[in-house]
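Every read-out reported here was derived from the displayed coordinates using simple, explicitly stated rules and does not represent laboratory data. Small disclaimer: the values here were computed from a predicted structure and weren't measured. Virtual Cβ from ideal backbone geometry, glycine too; neighbours counted across all protein chains shown.
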Amino acid sequence: MNVLQQVPRNALMWIIISLFALVAPHIGRLPIWVLAVYVIAVVWRLQVHRGRWSFPGRWVKVAMTTSGFVGIYASYGTLVGLEPTVALLLTAFALKFIELSQRKDAYVLLFLGYFICITEFLFSQDLLITLYSVINVLLVTTALVALHQPGLDQFNRGTMRLAGVMLLQAVPLMVVLFFVFPRFGPLWTVPIKSHAAKTGMSDFMKPGDVASLSQSDEVAFRVKFDGEIPEKSALYWRGLVFSRLEQDVWSGLGYYDVPLEEQRPDEVAISGQPLRYSVIMESTQQNWLYGLRYARARSPGVMHSSDFRMMSPAPLESEYLYRVESWTDVPVDLDLSDWRRKTETKLPPQGNNRTRELALELRESAGSDEAFVEQVLEKFNSEDYVYTLQPGRLTGSNPIDDFLFQARRGFCEHYASAFVFMMRAADVPARVVAGYQGGEINPLNKTVIVHQFDAHAWAEVWLENRGWVRVDPTSAVSPLRIEMGLEEAMASEGSFLAAAPLSPLRYRSIPLLNQLRLRYDALTYRWQSWVVGFDSEQQFDLLHTLFGEISTRVFATLLLGSWALVLVPVAISLFFKRDTYPVSPLDKYYRLFCDRMAELGLIRGPGETPGHFAQRAVEALPGFADELRRITGLYNDLAYAGVKDKDELAQFTRAVSRFRPDRRRGLLEEDTTL
């Protein structure tokens, strides 16, 4: 094999580093055997490099490739979908490394490495992931640079510096393209990550679901208000509406469950100034969005349902920014249709008889729906009901009876479910609403951070002349939960984030740790709003602000001009770039010696040895013969034997410094004439 086509040892080491760096962020979603393949691939290729093993044969390659497909299918149950596809790509990446024998194989592997680096953004666009991906790009580029340094057989960290300079030169063009290049819609959609275990609200609710979710410290979304932030007790982030109860499970209405004439929300008479805010949601792989009461989206593409929910047309596979206006005090649905009334009062025909009887009894004594609501809340407040994250399981066939009359311990979904059941049992329209309540205010950037443990369920009751009214039974049992949050409400029980002992939210009492956490969250919000959320609308607004009316010609001129503005200086700098290879002091002074000889018309030829050059110089300048032979002899000794003593190098530099034939040549010629 041609030596120039071989993979240098330095490049091989950088490729191995890149190999493990690229697979590292995917470890949590890969089967363990894929990681074993990476270890085997590296060991095999190193043994080949040492000459102890040989490259795999054709049938071995076929067996490994087939095993990879079978393993992926056995681990995921399919070969279709984002996670199995990425796992298959990573497996192929490792197997390709085993047969890495020539530079052309390394090119294929490293270009595949750039693509694998991009795949991580299909799962997360977090700031730390982005910074880590930049490191991966640097490592892959370093390996690519090392391929073009065949003389470096030892591991050389200087290769990374050269790769870093190349990437820094690309940064200006990257910035220009980010702000100027048109943002088109996706040409294809990515399959839903069906195997990813993401936390968040589900489209159904049964006792224990929200309590389980409240053990997570992950961020659900972040909110930035245009003005003052409302009180925490007013922050009810409405997301899901459960109007159907079947087999003790609350669920929402599907698209085809709602008659055509009921699918559009009724017009609402709004008045006063709305609350304006923007929401950045984390990936949920679901369609529903969150907002305060009667939220109307200002961002294009957001849909609204007849029960006043907001939805995205496609599941949220990445962070999603949308802007909202909310009128929290306006009445909605003052006139309830017959279909809606029937739907919001429907109960299973049998079960929970004691609760039904209690509801009818309280409604009769109350005299009105409003008084009935107050009586039920008073029951929760005055009797020995307990708000807890550890309610225990309700395993009987009448779970609401068991909760109201026996267990009396529950989380928000228990109280909301029981309350709505009692309302419907008395023929009062009611439904369960799920979402989040409250949130942590970051004082550094005035954003509201809503975590998964802020998940909450409450009720909406339809009252005459008032429309749908929010009623939160949890506030009657544990007012502290609504006013201060879950952490304060669970302080005596000690169950807050009990399953996450290393969560930084458990250590908010330590000022330094809490300040670092909030600063990072503020930085994350800027990243999500300024970079991840920089869409075509923001791009157009920015360009319109800077350049006024944007036509096709102006846009094309701006785009091409920006590229020229960045690329022309780089091209000029490369064209006039001087030799920047490091020169040793020995070579530096020998070059000075050659320059002084060139002033006398004696120019050293390309590839000419120092000895031959000295011989020509002695013939042309016999008066300098001793100095010429001495300088050349010292240089040869130091160049080939190596500089072992600083005194030897100093002797050579002094000899060159004193050698000034341009000043003494005339005197020597005069002496020769005499």
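With all pairs of different C-alpha atoms in the average, the Kirkwood value for the hydrodynamic radius of the range 367-523 is 17.3 Å.
Shown here for the range 258-327: GluC sites (Glu not before Pro) in loop regions (DSSP other than H, G, I, E, B) with at most 11 other Cβ atoms within 10 Å, namely E267. With the convex hull of its Cα atoms as the shape, the range 264-389 has an orientation-averaged projected area of 11.8 nm². Out of the trypsin sites (Lys or Arg not before Pro) in the range 1-106, which ones are loop residues according to DSSP with at most 13 other C-beta atoms within 10 Å? Passing sites in the range 1-106 are R50, R52.
Net length available on complete extension from T130 to V39 is 30.2 nm, with 0.36 nm assigned per residue and the Cα-Cα distance removed. Work out, in µm²/s and without decimals, the Stokes-Einstein translational diffusion coefficient of the range 3-180 at 25 °C, 0.890 mPa s, Rh from Kirkwood over C-alpha pairs. Rounded, D is 142 µm²/s.
Straightening the chain between E370 and L516 buys 47.8 nm, computed as 0.36 nm per residue apart minus the Cα-Cα spacing. Taking Cα atoms only, the orientation of helix 511-526 departs from the longest principal axis of the chain by about 80 degrees. For the residue pairs K342/K379; K232/K446; K206/K346, the C-alpha atoms sit more than 22 angstrom apart in K342/K379.
Dividing the C-alpha radius of gyration of the range 411-476 by 2.2 N^0.38 Å, with N its residue count, gives 1.35. For the chain, the dipole from Cβ point charges (+1 on Lys and Arg, -1 on Asp and Glu) about the Cα centre works out to 3440 debye, to the nearest 20. Relative contact order for the chain using alpha-carbon pairs under 8 Å, separation at least 6, rounded to a whole percent? Here the relative contact order equals 13 percent.
Helix-only arithmetic for the chain: the sum of -39500 (n - 2.57) across DSSP H runs with n ≥ 4, divided by the residue total, places the mean residue ellipticity at 222 nm at -15000 deg cm²/dmol. When you filter the chymotrypsin sites (Phe, Trp or Tyr not before Pro) in the range 1-63 for DSSP loop state and at most 16 other Cβ atoms inside 10 Å of their Cβ, you are left with W53. Electrostatic bookkeeping for R244 treats Lys and Arg as +1 and Asp and Glu as -1; over the other residues with beta carbon under 15 Å from its beta carbon, the sum is 0. A viscosity of 1.002 mPa s and a temperature of 20 °C, combined with the Kirkwood radius over C-alpha pairs in the Stokes-Einstein formula, give the range 471-566 a diffusion coefficient of 116 µm²/s. Among F115, F540, a tally of other beta-carbon atoms within 10 Å of each Cβ gives an order, fewest to most, of F115, F540. For the range 539-649, what percent of Cα pairs sit more than 24 Å apart? Pairs farther apart than 24 Å: 55 percent. Computed over the alpha-carbon atoms, the chain gives an Rg to Rh ratio of 1.17, Rh here being the Kirkwood radius from the mean inverse distance. In plain terms, the residue of L144, L586, L560 with the fewest other Cβ atoms within 10 Å comes first and the most crowded comes last, giving L560, L586, L144.
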